[in-house]
Amino acid sequence: MIDLDVVTRDADPAYKAWAPKSAELFDKARQVVPGGAGSSARTIPFGWEPYPLFVAQGLGSRITDVDGHEFIDYLLGLGPMILGHRNPTITQAVVEAVQNYGTCFGLPYELEIEAAQKVVDTVPSVEMVRFTNSGSEAVGSAIRISRAVTGRRLIIRFEGHYHGWQDTVYWSNHVDPKLAGPITGPRPVPSGPGVPIELEDTLIVLSWNDAESFQRVMAERGHEVAAVITEPAVLNTGCILPLPGYLELLRSETTKYGALLIFDEVITGFRFARGGAQEWFGINPDITTMAKGLGGGFPVAAIGGTKEVMSIIAEGRYSHSGTYNANVIQCAAVSATMDLLAEPGLYERQRALGFRLADGLTEIAGNLDIPVRVEGLGTVFQMWFSEKDIHNWREADAYASEELFNQWYREMLSRGQLFHPNHLENLFVSLVHTDADIDKTLQAASDSLAAIASRR
Ligand SMILES: Cc1ncc(COP(=O)(O)O)c(C=O)c1O
């Protein structure tokens, strides 16, 4: 347990001298906001030691803290700022829509159709879509809809994936292998207190990228499975890509046994490609959950699916409700974001930029004999400090050095580069980062990794 009373008092003096105003605000914040920040992902136990930096403002690919440090931002709000901070087109679209229409009516309106149509046109498997407020809400609905459609109860999910904080899925994220048992047949472990343990019977948890265990479980219990939910690439354990054929297997086995396949594209959506990971890998799920990139930084999420699946809502057999669903701010943001993402050549250009950064990091570390694995698809990746490839949570837990990553984070932060301090998160490259940003980051990386190498 963290003694919050001593964190700022005992913080590393050099850090405190470097970020005194953040220290002051953190002291104030923790009196009224638990942990001193509005989401646990921004607090000390998640890696923001000795205390999180407080933000003054963000613009484009840059963010400035209250002590006046400017950073090239690879945190990007944990993903949503896909078009950079304060994107003028999206901001203007939202402001105008609110000024011209209002915010929410408890009735449908035309802009909602426009936003929905653009998402349907963008994401390959999505034929109908409902907007909602957060990724966790979207996933909660996806799980319940899959049960309602199939009349089954069992959900298969994977260790190391995160699907939001709802009871049904808040299990076995960064699970302690000692509690979860063998990798070939892990036990579901709730990710925190307060989750009803009875829900264990509704879940099968498997190790990801392991075709054999998935096929075995489907052969035994496939007819009981309502849905298999997966991140199509794991972005909640650093970055782990699917092995060739694995997503195809999830697709073919779910179809074979009449279960639904849910792609949780809250992070991968609009990021790996405009149509998300499903476009990139060429696999269509039955249900897709989206958030983050969807609204270009405005809070919006969505659940999309085939007409067949979504007909349960359309026909009134399933109530998907929410006072703030599809409000004006969301629909204006989605509509403007979808337009901007449609710029020809945008993804190709930014993916190339991201790959230049990733390849540059691999080369710099290699020249210094620091073992790293940079895994990702351009606009999102992680640099694992690991001698071995990582294919699932257990391997991340066993092989990736948290200690070296902490050093890397600190060295880069002091050189004007911001990303999440936790090695199980990742680095986001926005669609507005420039070649000059990447050059600066590679220079900072060269100096940072040299400093780490000199201490080894
Ligand atoms: C893959 C995935 N699903 C769901 C969620 C939950 O989304 P939210 O934080 O908007 O509730 C997240 C959040 O990071 C996520 O990464």
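The values are calculated or read from the model by the stated rules, or taken from the named source; none is laboratory data. Please read all numbers here as calculations on a predicted model, not as lab measurements. Don't worry about glycine lacking a Cβ; one is built from the backbone with ideal geometry, like all the others, and counts go over all protein chains shown.
Scanning segment 361-378 for residues that are under 20 Å from the mean Cα position of the chain (by Cα) and modelled with pLDDT of 95 or more gives Arg373, Val374, Glu375, Gly376.
Step by step: first the residues of segment 362-372, then only those that are free of Cβ contacts under 8 Å to residues at least 60 places away in the same chain and β-branched (Val, Ile, Thr), then the one that is farthest from Ile452 (Cα to Cα). Which residue is that? Break it down stepwise before answering.
Going residue by residue through segment 362-372, those that are free of Cβ contacts under 8 Å to residues at least 60 places away in the same chain are 362-363, 366-367, 371-372.
Keeping just the survivors that are β-branched (Val, Ile, Thr) gives 362, 372.
Numbers: Thr362: 15, Val372: 13 Å.
In this case the residue turns out to be Thr362.
Criterion applied to Glu395, Glu375, Glu425 was being more than 28 Å from Tyr51 (Cβ to Cβ), in contact with a helix residue (DSSP H, G or I) (Cβ under 9 Å, 6 or more places away or on another chain) and acidic (Asp, Glu), and the one residue passing it is Glu375.
Given Gly276, Gly296, Gly258, which one is within 14 Å of the ligand (Cβ to nearest atom), small (Gly, Ala, Ser) and in contact (Cβ under 8 Å) with a residue 24 or more places away in the chain?
That would be Gly276, the only listed residue that is within 14 Å of the ligand (Cβ to nearest atom), small (Gly, Ala, Ser) and in contact (Cβ under 8 Å) with a residue 24 or more places away in the chain.
Residues that are surrounded by fewer than 24 Cβ atoms within 10 Å (Cβ to Cβ) and within 14 Å of the ligand (Cβ to nearest atom): does segment 144-158 have at least one? Scanning segment 144-158 turns up no residue that is surrounded by fewer than 24 Cβ atoms within 10 Å (Cβ to Cβ) and within 14 Å of the ligand (Cβ to nearest atom). Within segment 370-380, none of the residues are basic (Lys, Arg) and either surrounded by fewer than 18 Cβ atoms within 10 Å (Cβ to Cβ) or over 19 Å from Ala233 (Cβ atoms) (or both). Scanning segment 96-149 for residues that are among the β-branched types (Val, Ile, Thr), out of contact with any Phe, Trp or Tyr (no Cβ under 7 Å at 6 or more places or on another chain) and assigned to a helix (DSSP H, G or I) yields Val98, Ile113, Val119, Val120, Thr122, Val139, Ile143, Val149. The residues of segment 414-456 that are of a type in the set (D, E, K, R) and surrounded by fewer than 22 Cβ atoms within 10 Å (Cβ to Cβ), listed by number, are Arg415, Asp435, Asp437, Asp439, Lys440, Asp447, Arg455, Arg456. The sole residue among Leu413, Leu404, Leu424 that is part of a helix (DSSP H, G or I) and under 30 Å from Leu346 (Cβ atoms) is Leu413. Of the residues screened, Phe281 is not one that is of a type outside the set (Asp, Glu), touching a helix residue (DSSP H, G or I) at 6+ places or on another chain (Cβ under 6 Å), at positive phi and within 16 Å of the ligand (Cβ to nearest atom). Apart from one condition, Asn325 fits all of (1) in a helix (DSSP H, G or I); (2) among the polar types (S, T, N, Q); (3) within 16 Å of the ligand (Cβ to nearest atom); the exception is (1). Among residues of segment 61-79 that are outside any strand (DSSP E or B), those with a Cβ under 6 angstrom from a residue that is among the acidic types (Asp, Glu), sequence gap 6+ or separate chain, pair up as Ser61/Asp73; Ser61/Asp437.
Per the listing Asp359, Asp397, the residue uniquely over 27 Å from Thr434 (Cα atoms) and either outside any helix (DSSP H, G or I) or touching a residue at least 12 places away in the same chain (Cβ under 8 Å) (or both) is Asp397. Looking at Ala396, Ala365, Ala326, just one residue is at positive phi and aliphatic (A, V, I, L, M), and that residue is Ala326.
Let's see how each residue does on (1) assigned by TED's automatic domain parsing to the domain that holds Val234; (2) over 22 Å from the mean Cα position of the chain (by Cα); (3) touching a residue at least 60 places away in the same chain (Cβ under 8 Å):
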| residue | (1), (2), (3) |
| --- | --- |
| Gly106 | yes, yes, yes |
| Ile113 | yes, yes, no |
| Gln117 | yes, yes, no |
| Val120 | yes, no, yes |
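From the list Asp176, Asp167, the lone residue that is surrounded by fewer than 16 Cβ atoms within 10 Å (Cβ to Cβ), touching a residue at least 12 places away in the same chain (Cβ under 8 Å) and either hydrophobic (A, V, I, L, M, F, W, C) or within 15 Å of the ligand (Cβ to nearest atom) (or both) is Asp167.
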